[in-house]
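Visitor: Mind having a look at this structure? Questions to follow.
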Amino acid sequence: MQVPFLDLKVQYRQIEAELRPILEDIMSNGAFIGGPQVSAFEEEFAAFCGGGFCIGVNSGTDALRFALIAAGIGPGDEVITVPHTFIATTEAISQAGARPVFVDIDPHTCCMDPVRLRGFVEDSCRIDKVTRQLINQSTHRPVKAVIPVHLYGRPADMEEIMLIAATYGLTVVEDACQAHGALYKGRLAGSIGFAGCFSFYPGKNLGAFGDAGALLTRDENLAQTIRMLREHGQSRKYYHDMEGYTGRLDAVQAAVLRLKLKHLAAWNRARRENAKLYDHLLAGVSGIAVVREAPATQSVYHLYVILLEDRDGLHKHLTQKGIGTGLHYPLPLHLQKAYAHMGYKKGDFPVSERISERLLSLPMFAELTREQIEYVVECIREYMEG
Ligand SMILES: *Cc1c(COP(=O)(O)O)cnc(C)c1O
């Protein structure tokens, strides 16, 4: 049996008949950028997320970058995030002109540890108070924002993070690029902070036919600024209030996303069912830990991740058995060559480091069958129990 890590072809067959005439229509009308498909998708995705404004952009990375720029974050500022995420989170910070700084994750959630966040912010504000007196400057505080990442489709501990942010005046930008439809205490991931950022990269729970992203916010001024940033800073055609970017969502992607959005709740439910079956079957396999759902949250299982000591051995075994797996992510950001200039070293974020050595992502998508999941777990058992 072959079990792919992800199969986008079966999903395409579900929407193909409905999609073809819509794409024909876009192509024959020649309205490729902006237009009714884009604004309709923005309304529908905002409604899916429980309200607010949605602004379609060209990637999740740009959604993050635009949120930071619009919040006034730039050179001289620091933005806190975690080292256990995809590099897009920190690229967005650097591209906004600010500096990424890290706090470690909680080993149970694999998301930002609020206790460590509080410690970090208290320390940097204490140092800052002394510095402020020394340089006799009253306003400057380098830590300006925090980006919790809802990794694997699991919401970070937003209540604590929002509380800390409110105390210290930090802007909260949610990286919800893996968490379309995830719930935190009854609220949708991405709808809690100042802005929520989504990616519609093809492999995400809601995926376009290319690069696409969106930003969600309840702040009308922010929405207006993002609409300008994505389109060369213009407030109306050829009138530029500022310099912006080529950051728009195009009509073809919006049309694909509109169709898929109708299925998203069902697809997320199917992922959760698949995860439940994995949880159940893996409970009997020694040496395997699963990353469990946190209380009062609903994961949408963008990824289904297990933890074990001999990760590389199992990875190889499953590949030989025709099973696709992934490593998300094998090297924490603070140890990446791209960030060597920051001077971090091994041991600085031990939880992230340890998890990166032990994690393995198993096949996960809505259309995965019971037989496929049973086969994956059988192959894991075979390896683990000899
Ligand atoms: C996919 C992803 C992004 C970036 O999204 P793009 O659309 O590829 O730019 C950012 N953060 C996380 C956690 C992601 O998984």
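The values are calculated or read from the model by the stated rules, or taken from the named source; none is laboratory data. Please read these numbers as outputs of a predicted model, since none were measured by experiment. Cβ placement follows ideal geometry from the backbone for every residue including glycine, while neighbour counts extend to all protein chains displayed.
Visitor: If you check every pair at least six apart or on different chains, which have Cβ atoms under 7 Å apart with a residue in the stretch 259-286 that is in a helix (DSSP H, G or I) first and a residue that is among the acidic types (Asp, Glu) second?
Guide: Partner pairs satisfying both residue conditions: Leu259/Glu18; Leu261/Glu44; Leu281/Glu374.
Visitor: How do the strands (runs of 3 or more DSSP E) wholly within the stretch 140-224 filter down when requiring 1 or more residues that are at pLDDT 95 or above and within 14 Å of the ligand (Cβ to nearest atom): which remain?
Guide: 171-175, 195-199, 213-217
Visitor: Here are the criteria: (1) over 22 Å from Glu16 (Cα atoms); (2) touching a residue at least 12 places away in the same chain (Cβ under 8 Å); (3) not hydrophobic (A, V, I, L, M, F, W, C). Tell me which single one Pro202 does not satisfy.
Guide: Of (1) over 22 Å from Glu16 (Cα atoms); (2) touching a residue at least 12 places away in the same chain (Cβ under 8 Å); (3) not hydrophobic (A, V, I, L, M, F, W, C), only one is false for Pro202: (1).
Visitor: Filter the stretch 173-190 down to the residues that are surrounded by fewer than 21 Cβ atoms within 10 Å (Cβ to Cβ) and at negative phi and list them by number.
Guide: Matches in the stretch 173-190: Leu183, Arg187.
Visitor: Of everything in the stretch 191-207, what is over 11 Å from the mean Cα position of the chain (by Cα), surrounded by 22 or more Cβ atoms within 10 Å (Cβ to Cβ) and under 17 Å from Asn58 (Cα atoms)? Give them in sequence order.
Guide: Passing the criteria: Ala195, Leu206.
Visitor: Give the residue, chosen from Glu42, Glu91, that is in contact with a strand residue (DSSP E or B) (Cβ under 7 Å, 6 or more places away or on another chain) and charged (D, E, K, R).
Guide: Exactly one of Glu42, Glu91 is in contact with a strand residue (DSSP E or B) (Cβ under 7 Å, 6 or more places away or on another chain) and charged (D, E, K, R), namely Glu42.
Visitor: Would you pick out the residues in the stretch 59-87 that are within 9 Å of the ligand (Cβ to nearest atom) and surrounded by fewer than 22 Cβ atoms within 10 Å (Cβ to Cβ)?
Guide: Selection gives Phe86, Ile87.
Visitor: Here's something else I'd like to know. Kindly evaluate Leu23 against the criterion of being within 16 Å of the ligand (Cβ to nearest atom) and either under 25 Å from Lys144 (Cβ atoms) or aliphatic (A, V, I, L, M) (or both).
Guide: Against the criterion (within 16 Å of the ligand (Cβ to nearest atom) and either under 25 Å from Lys144 (Cβ atoms) or aliphatic (A, V, I, L, M) (or both)), Leu23 does not qualify.
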